[in-house]
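The values are calculated or read from the model by the stated rules, or taken from the named source; none is laboratory data. Everything quoted here is computed from the prediction, not taken from an experiment. Cβ coordinates were reconstructed from backbone atoms using ideal geometry, including for glycine residues, and neighbour counts include every protein chain displayed.
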Amino acid sequence: MTTESHCQIVLENWRRLQQFSTAVDKNAVVVKGKQLTLAEVVAVARYGSMAVIDKSPELRESVDKSVNYLRECVEQGEILYGINTGFGGSANTTTDDTKNLQISLMQMQQYGVISNVKNQYPGARESSATTEMPESWVRASMLVRCNTLVQGHSGVRFTIIEALTELLNRKCTPLVPLRGSISASGDLSPLSYIAGVLEGNPKLLLRTPVGTGTTCQESKCQEFVPADRLLSQIGMQPISFGPKEGLGLINGTAVSAAVAAMGLHETHHMAVLSQVLTAVAVEVMSGNPESFDPFIAQVRPHPGQIECAANISKFLQGSKLTQIVHGFQKMGVGAAPPLRQDRYQLRTASQWMGPLLEDLTLAHKQVTVELNSTTDNPLIDSDGRRTLHGGNFQALSVTVAMDKARSALQLMSKMLFAQCTEIINPDLNNGLPPNLCFDEPSLSYCLKGVDIGMAAYTSELGFLAHPVGPNVQSAEMSNQAINSLALISARYTQTAIDVFSMLAASYIYVLCQGLDLRVLQLQFLEALQPLVESITTNAYGPFLTNSTACKDLNSMLWTHITSSLKSASSTTKDSQQRFTMVSQTAQSLVVTFFASHPEVATGHCPQMTTIYTWSRDLATAMAGAFKASQLLLVSPKCPTSTYLGSAARIMYDYVRQTLRVPLNRGLVDHPTFQNTDKSINTEPEAQNSANEDTQIIGTYITRIYEALRSEALMFPIMECLEQGTQNGRRDTVTVNTPARENRKSISKSFGPQAVH
């Protein structure tokens, strides 16, 4: 049996999620104890899909058999952990009062902090963090626990499982403490808050849609209702737990596994996004796609590297910005040769990302197994008529899966940050302006602040990447001397995803700016070259014996001009100074040419006045061509998309058209800018930029961030991946990605509607 590639896993889960979240009549997730996927967890948790228990008689019979067998064991006087003994290190006590023992378990575990205290007095401390779990996490946990219980190894009645799904489908979600679980016997305390509402505990609260009745209509308006009142409102009777039912509800890894599933779902997406953004970065840098040639991966056949290289190669198909360098060509006088190969952050991206894809593939298997496992104790083998005491609740498989996910997020962030700093730095970015400014460098620092923000995000992700496992403390009378801390690891993974999303949104903004400026550079040079040839031929043609000599002079000058225009000493200067400097440094080349090629001269050299006039005309032509290229870039006929490879075009169009994030034109785009300095040349359309539609840079980055967090941005990302797999003729699922013209409306509707 072959192992699925990472992109196959991602595409299959994306397809399944669409089946649940974007259908007009949302499909219900069938709870059958097996085959629960990350997509189904996300569909119920975030998108309000219904959860229905499988109707097969075999499933109900299995649950009933475990309940009946357990009752027999109790009636026969067997000593069973948590049923007629104490808990944990107190299991050396016994009792016949099995009903109150389960209530005692609830009392023991409902110790968490849920605070909605507001500032009561001047100087009161304002908390920087919530104390309760997000609603989607709790919903996911309820679904996973139902999936465990229907396997029939826990001795929990079918009516209790149905009650959980009833609450789930009515959008009635218990308030659960965010912290306090060490995930030793699973997540006892968080699950006790879910179990406790079934008892009708009046001191436990549930989030409910306003006016909760008999429907499960989606609503963004919520109220908080005590459990006893909520059960009465919806016609459910409080449940009195039988032997082991309290323990069966709370003794397991459902919360850790649920939060991990949601986190891994998004981490998968971030891994695909990182590959797409790397391909876009290659285009921004006019990089070399040779780095991703399949031969390189074939001779070092790590599956992840092979997959990543193939993905990036497909993402680059059709690009007019990349360049394959087969060797150094003879350069003109004073011209510096280009790098023969890209720097590590681009060239080794597949070697960097490959192991991460393999780690995430393993993590996916670990979390999926956990979702479909019985993690209770003791376990009831009703067919073998045995009750077994073990440790399936030890959730270290979830911990290490989440540690791998956070490590992947940190390593991907480091790669993207390194790419970004290269793109922004004029000493490294192959001729782009400093800080990717569109206007004059002396007054525009456009993306310098974004670079600082990305450094902060990268640093925080480095901190979050530390493994959680080594921080285990012995707990509960040393009975839980080793404990997984799985929920803590899953929680910090969720935090890391949010930070990574901020970094990725910032980088997308940078890349789109970089694509525009790279096209501006090419358009400028394309418009400039015939002007240079015309000015040079007119100026020096009369002093040369033939057209070949004139062509040689033009070639030498063009090499010098293009090299000079791309140098940091040029791009860091304002336009007038820049073009004057480039044209003046070319004067010496003219003198050198005539001095070293007397055989092609007519017998006399051009006068200095001729060279000066030529230099002045050249600077004027540069300024005119550059301004014309700028105006074209900000016009409705902006040509950027026509230059881009398949993935960059999809991403660029989505950001510019659907999200309406425009090119940053520099200082004129700041809301408080007023052009009082007449030396600042702004076009008519830029002079009125300080209006209600003008935003600060952070607002546009936030717009991208929100599209990423709501998963609206994943539509174009998956379109990139699907195109790559189709072009690469891989045997994968087909994803019905929406047409580009429909993505704008989808981005508004696709996102957490019922739960946030």
(message) Please count how many residues of region 139-155 are hydroxyl-bearing (Ser, Thr, Tyr) and either surrounded by fewer than 24 Cβ atoms within 10 Å (Cβ to Cβ) or touching a strand residue (DSSP E or B) at 6+ places or on another chain (Cβ under 9 Å) (or both).
(response) 2
(message) Could you tell me how many of the residues in region 152-188 are assigned to a helix (DSSP H, G or I), of a type outside the set (S, T, N, Q) and farther than 30 Å from SER474 by Cβ?
(response) 9
(request) Would you tally the residues in region 427-476 being more than 19 Å from the chain's Cα centre (by Cα) and farther than 30 Å from SER563 by Cβ? (result) 13
(message) For region 219-271, which positions are of a type in the set (Asp, Glu) and over 29 Å from ALA496 (Cα atoms)?
(response) GLU223, ASP228, GLU245
(request) Test VAL299 against the criterion of being surrounded by fewer than 22 Cβ atoms within 10 Å (Cβ to Cβ), touching a Lys or Arg at 6+ places or on another chain (Cβ under 9 Å) and either modelled with pLDDT under 90 or more than 30 Å from SER641 (Cα to Cα) (or both), and give yes or no. (result) no
(message) If I ask for residues that are among the hydroxyl-bearing types (Ser, Thr, Tyr) and under 20 Å from CYS73 (Cβ atoms), which ones from region 350-397 would you list?
(response) THR374, SER382, THR387
(request) Within region 395-405, identify whether any single residue is in contact with a Phe, Trp or Tyr (Cβ under 7 Å, 6 or more places away or on another chain) and either assigned to a loop (DSSP other than H, G, I, E, B) or among the polar types (S, T, N, Q) (or both), and answer yes or no. (result) no
(request) Output the residue which, of all residues in region 71-80 that are surrounded by 15 or more Cβ atoms within 10 Å (Cβ to Cβ) and among the aliphatic types (A, V, I, L, M), is farthest from PRO243 (Cα to Cα). (result) LEU80
(request) Answer yes or no: is there a residue in region 81-103 that is within 18 Å of ALA261 (Cα to Cα) and crowded, with 20+ Cβ neighbours inside 10 Å. (result) no
(request) Count, please, the residues in region 587-633 that happen to be out of contact with any Phe, Trp or Tyr (no Cβ under 9 Å at 6 or more places or on another chain), closer than 19 Å to MET556 by Cα and assigned to a loop (DSSP other than H, G, I, E, B). (result) 1
(message) Looking only at residues that are modelled with pLDDT under 75 and of a type outside the set (A, V, I, L, M, F, W, C) in region 318-351, which one is nearest to VAL299 (Cα to Cα)?
(response) HIS326
(message) For region 394-450, give me each residue that is more than 30 Å from SER185 (Cα to Cα) and free of Cβ contacts under 8 Å to residues at least 60 places away in the same chain.
(response) LEU411, LYS414, THR421, ASN425, ASN435, TYR445, LYS448
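Surrounded by 21 or more Cβ atoms within 10 Å (Cβ to Cβ) and assigned to a helix (DSSP H, G or I): which single residue out of CYS446, CYS420 fits that description? Break it down into steps so the answer makes sense when it comes.
On the way: CYS446 fails: assigned to a helix (DSSP H, G or I).
It is CYS420.
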(request) Collect the residues in region 365-377 that are part of a loop (DSSP other than H, G, I, E, B) and either more than 16 Å from ALA184 (Cβ to Cβ) or acidic (Asp, Glu) (or both), keeping them in residue-number order. (result) ASN372, SER373, THR374, ASP376
(message) Report every pair of residues separated by at least 6 positions or lying on different chains whose Cβ atoms are under 6 Å apart, first residue within region 75-98 and closer than 12 Å to MET477 by Cβ, second not hydroxyl-bearing (Ser, Thr, Tyr).
(response) GLY88/GLU476; GLY88/ASN479; GLY89/GLU476; GLY89/MET477; GLY89/ASN479
(request) Please work out which residue is farthest from the chain's Cα centre (by Cα), limiting yourself to region 477-494 and to residues that are outside any loop (DSSP other than H, G, I, E, B) and at pLDDT below 90. (result) GLN480
(message) Can you tell me which condition SER49 does not meet? The list is (1) without any contact (Cβ under 8 Å) to a residue 60 or more places away in the chain; (2) surrounded by fewer than 21 Cβ atoms within 10 Å (Cβ to Cβ), and all the others hold.
(response) (2)
(request) Of the conditions (1) of a type outside the set (D, E, K, R); (2) over 28 Å from GLU12 (Cβ atoms); (3) free of Cβ contacts under 8 Å to residues at least 24 places away in the same chain, ASN288 clears all except one; give me its number. (result) (3)
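Here's the yes/no breakdown for (1) under 26 Å from ALA648 (Cβ atoms); (2) small (Gly, Ala, Ser); (3) touching a Pro at 6+ places or on another chain (Cβ under 7 Å):
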| residue | (1), (2), (3) |
| --- | --- |
| LEU517 | yes, no, yes |
| LEU525 | yes, no, no |
| TRP558 | no, no, no |
| LEU565 | yes, no, no |
(request) Spot the failing condition for LEU168; the list is (1) of a type in the set (A, V, I, L, M); (2) more than 18 Å from THR374 (Cα to Cα); (3) at pLDDT below 95; (4) touching a helix residue (DSSP H, G or I) at 6+ places or on another chain (Cβ under 9 Å), and only one is missed. (result) (3)
(message) If a residue must be aromatic (Phe, Trp, Tyr) and under 13 Å from GLY666 (Cα atoms), how many such residues does region 429-461 contain?
(response) 2
(request) Could you list all residues from region 634-651 that are touching a residue at least 40 places away in the same chain (Cβ under 8 Å) and either closer than 16 Å to LEU436 by Cα or not in a helix (DSSP H, G or I) (or both)? (result) VAL634, CYS638, PRO639, THR640, LEU644, GLY645
